Amino acid sequence: MNSANVMEMLNLSWVMICALLVILMQAGFMCLESGLTRTKNSINVAIKNLADFGLAVFIFWVMGYALMFGHSFFGMIGTNGFFFEAVQMPEAVFFLFQAAFCGTAVTIISGAIAERMRFSGYLIIVILVSGLIYPFFGHWVWNGIAQGTSNGWLGQLGFVDFAGSSVVHSIGGWVALAALLVIGPRAGRFPNQGAAREIIGHSIPLAILGIILLWIGWFGFNGGSTFALNQQVGKIMINTLLGGTGGMLAALALNWYYNGHADVKALMNGCLAGLVSITANCHLTSASSALIIGGIGGILMLYIAKTLENHKVDDAVDAVAVHAGGGVWGTLAVAIFAPLDAFSPETTRIGLLSTQLFGIFICASWGFGVSFLILKNVNKYLPLRISRKQEQVGLNYSEHGVKTEYYDLLNTMNIQKQTGDMDLRVPVESFSDAGYIARRYNQVLDKLSEETRLAHQMTEVAQKARKAAEQTTMKLKVQNEELKTIQRLASGQALMIEEVRHAKEEAEAANQHKSQFIANMSHELRTPLNAIIGYSEMLKEEADDLGEASMIKDLNKIKAAGSHLLGLINDILDLSKLEAGKMDVYPERFNLTNIVEEVVSTVQPLIDKNANHLEIYTNPKDLGFVYTDLTKVRQMMFNLLSNASKFTENGVITLRISRLKNRFTIEVSDTGIGMTDDQLNKLFQPFTQADASTTRKYGGTGLGLAITKQFAEMMGGDVQVVSILERGSTFTLHLPVNFKSVSEIIEQNVSEEWLEAKSFA
């Protein structure tokens, strides 16, 4: 064997080794993408990386290689080489190397659309890219490179893409962007309000291992593109090393500067963006230029990723920013950093820049435009995205029937949501993240069950306290009547006065005992109820982190029930203060119009809940300022409106407010269920609603109207009601414009009597 044959075999061996290194990149992509996705989808990502390589190689063997490297038809398309058969060793090695490139272009898309696309839909994309998108554009740029010529029409124009910044990486990135726009973001990624929610991958160390494997494979990617072990290889290897280094350091530094910490995703994707950026120009640029090109690529990647996020494009691994963004910049960098003496004498910097820009435009138009049109139409007849329920369970199980540790966790939670069985516990998988979450969830359930039991006990206490309060109230009324009788009979009798004094002391002691009992009871109830509300909030956050949006509705019910009980306690305390005579009026001067607007804004969600319509009739100019207790006016108005909202469905609620001389009137009408005469007679009694069925259907405590009536009376006003069964009710609240205390009223009455007596005399 002569030296020429030895050199040829050495060159072929080098290209074959590089081809194997490029295939190793498939393992790198698998580690990176599965590490950056959640456990419930990691197996699906790994399967796609294996399946897309096998299917892409098959399609490339059947037709892709022929379309890309067959005899060129006017620089547009290859015409021979279908079902490729190697005749000689060089052809076989060249096919192996190019098949590995095709597999790389396809697998870029896998990471971008992770966690939401059907496996069958992804295989359609693999066929589209390996059989049409990639070989056509590859023909335009690379046809003839094995023979050292440029037969494709872009190659003949002078377009330069040494190892595939555009042909491989940009094509993969542009198709990924088209697929993302068709299938949409992952569930929970972009909430209706607030910032985008980052979805953390299950294994960052695995993703970093993927970066290292990709970097190793990239030496074969760029080094093998010489198709010979020549003098260029050393330079290409160094530039590849420095390009990845520059991208990593620049992205890390910039992100650290803005966010104040070393972000691992910026470090990983910065490295990849730098490697993509150097791929088109590594055979021409200097080492320092390679470092700069990679650094700019890493910085551009950060800005592109943020821009896509702002436009709610959910790229799971930032593949578009890395490969499309880095590919565009790397291709453009040829015209900026490459020495002109590497080209023909007539080449100018402006001319080279124009050619590169034109090639980039063709790449984007072809890769994105064609794939978007095809996928958009395919999606109409064969949905590319899985259902929300399948996405919630995870693609490992829904697409491949493979259970993971998280499946049992989520399945148990779902059963619990449907059955309401709070005694059900999640199975714990030891020494895993899912096991840790399961243990914490079970601990919360244990605590919630304990607090719920306590709440039931406290409810029983509250019911007993209510009965005791009613009995005490009746006793006080009887004692008060007795005291009045004694006072009438005890004129001038010391013994009678002593008995009256003693009776008063007993009444006050009983009243104080009642108030103290209710206050203590309320304190005992508030502690577990606040715990229940707090735990429900914590569970909502964990459900949100797990993507369990359906559980949030049930947790909201728990929180609402706790809040309802707290409201009941507050009403009981108000009623107790009123009956004990410890509720004071705190008058102040305020604009009545402002209170109307405030209360309407607060009660509007309750009105909307039953699909009611609120009509307001008032003239702000006629209301003006009043001098009375602002807090109690607000509460009375809210009680009347919320009461109307509760007992009216798909109806009209009317609020009328008027002012006449020294009084103002608040009238609330509804078209709800109405009341009978018997129900009207009991309406303002505490803990009373229309009947038991009303309480079960509409809820409530029966305290709101009782408190409203007593508030009105202690402020010198009254409440009137007119109601027709099944036609609706009208509540009218009359209040004085200027509140006067009891002493002021007595003083005014005495003055009026004196004036009247004087005028009579």
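The values are calculated or read from the model by the stated rules, or taken from the named source; none is laboratory data. All figures in this text were calculated on a predicted structure; none of them were measured in a lab. Ideal geometry is used to build each Cβ from the backbone, glycine not excepted, and the neighbour counts take in all protein chains shown. Ligands, DNA and RNA are excluded from the accessible area calculation, which covers all protein heavy atoms including side chains. Shrake-Rupley method; radii C 1.70, N 1.55, O 1.52, S 1.80 Å.
Assuming R0 = 30 Å, can you tell me the calculated FRET efficiency for the pair Val87 and Asn230, based on Cβ-Cβ distance, to the nearest 0.05? Walk me through the intermediate numbers first.
Values: r = 25 Å, r/R0 = 0.82.
Calculated transfer efficiency: 0.75.
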Arg659 versus Asp678: modelled label distance in nm, points set 7 Å from Cα along the beta carbon direction | 4.4 nm
Could you work out the relative contact order of region 1-91, using alpha carbon pairs under 8 angstrom and six or more residues apart, expressed as a whole percent?
-> 18 percent
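Sequence gap at least 6, Cα distance under 8 Å: using those rules, report the relative contact order of region 63-214 to the nearest whole percent. Walk me through the numbers on the way to the answer.
Values: 159 pairs, mean separation 38.1, N = 152.
That works out to 25 percent.
Cβ neighbours within 10 Å, averaged per peptide: list 110-116, 259-265 in order, most packed at the top. Could you put the intermediate results ahead of the total?
Details: 110-116: 26.3, 259-265: 12.7.
Answer by packing, highest mean first, reads 110-116, 259-265.
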Once label points are set 7 Å from the Cα along Cα→Cβ at both Gln443 and Ala146, what is their separation, rounded to one decimal in nm?
-> 6.3 nm
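Rule-of-thumb check for region 192-304: C-alpha Rg over 2.2 N^0.38 Å? The partial results should precede the final answer.
On the way: Rg = 15.5 Å, N = 113, 2.2 N^0.38 = 13.3 Å.
Normalised Rg, Cα atoms only: 1.17.
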Counting only residues 5 or more places away or on other chains, whose amide H sits under 5 Å from the amide H of Gly144 once H atoms are built in the peptide plane?
-> Asn151
Cut-off under 5 Å, modelled amide H: who pairs with Arg385 long-range = Arg118
Can you tell me the Rg and the Dmax, both Å, for the Cα atoms in region 279-350?
-> 14.6, 47
How much area per residue is accessible in region 36-156 when the probe is 1.4 Å and only protein heavy atoms are counted (Å²)?
-> 33 Å²
Taking amide hydrogens as modeled 1.01 Å from N in the peptide plane, which residues meet the under 5 Å criterion relative to Tyr627, leaving out close sequence neighbours?
-> Asn738, Phe739
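Could you give the length gained on full extension between Arg349 and Val62, defined as 0.36 nm per residue of separation minus the Cα-Cα distance, in nm? Walk me through the numbers before you get to the answer.
Working: separation 287, 0.36 × 287 = 103.32 nm, distance 4.04 nm.
Full extension from Arg349 to Val62 adds 99.3 nm.
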Calculated from backbone phi, Karplus (6.51, -1.76, 1.60) coupling profile of region 155-163 in Hz, x at Gly/Pro = x, 5, 6, x, 5, 10, 8, 4, 10
Between Tyr586 and Leu20, what length comes free when the chain is fully extended (0.36 nm per residue of separation minus the Cα-Cα distance, one decimal in nm)?
-> 195.2 nm
Probe 1.4 Å, accessible area per residue of region 337-393, Å² = 59 Å²
Percent breakdown of C-alpha pair distances by 5 Å bin, ordered from the shortest bin, for region 317-394 = 3, 12, 14, 15, 14, 12, 9, 7, 5, 5, 3, 1, 0
Got a sec? Which residues in region 647-674 would a label at Ala611 touch, if it sits 7 Å along Cα→Cβ and we count backbone N under 20 Å?
-> 647-654, 670-674
Would you give the gap between the C-alpha center of region 185-201 and the C-alpha center of region 1-47, rounded to a whole Å?
-> 34 Å
So what are the three principal axis dimensions of region 1-103 from its Cα atoms, in whole Å, longest to shortest?
-> 55, 36, 21
Taking Cα centroids, how far is region 97-176 from region 629-658 in Å?
-> 67 Å
How long is the gain from Phe119 to Leu373 if the chain were fully straight, where each residue apart is worth 0.36 nm and the alpha carbon distance is subtracted?
-> 89.4 nm
Given C-alpha coordinates of region 245-366, what is the ratio Rg to Rh with the Kirkwood estimate of Rh?
-> 1.02
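To the nearest 0.05, how large is the calculated FRET efficiency for Val402 and Ile200 if R₀ is 25 Å and r is the Cβ-Cβ distance? If you can, show how the numbers build up before the last one.
Details: r = 21 Å, r/R0 = 0.86.
Given R0 = 25 Å and the Cβ-Cβ separation, E is 0.70.
How large a share of the accessible area of region 1-131, in percent, is made up of carbon and sulfur atoms when the probe is 1.4 Å and the other protein chains stay in place? Mind dumping the intermediate values first?
Numbers: 3620 of 4780 Å².
The value for region 1-131 is 76 percent carbon and sulfur by accessible area.
Let's test the formula: R0 of 30 Å, r as the Cβ-Cβ distance of Phe358 and Ile127. What FRET efficiency results, to the nearest 0.05?
Details: r = 29 Å, r/R0 = 0.96.
Result of the calculation: an efficiency of 0.55.
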Mean Cβ count within 10 Å, highest first, over the residues of peptides 49-61, 94-106 | 94-106, 49-61
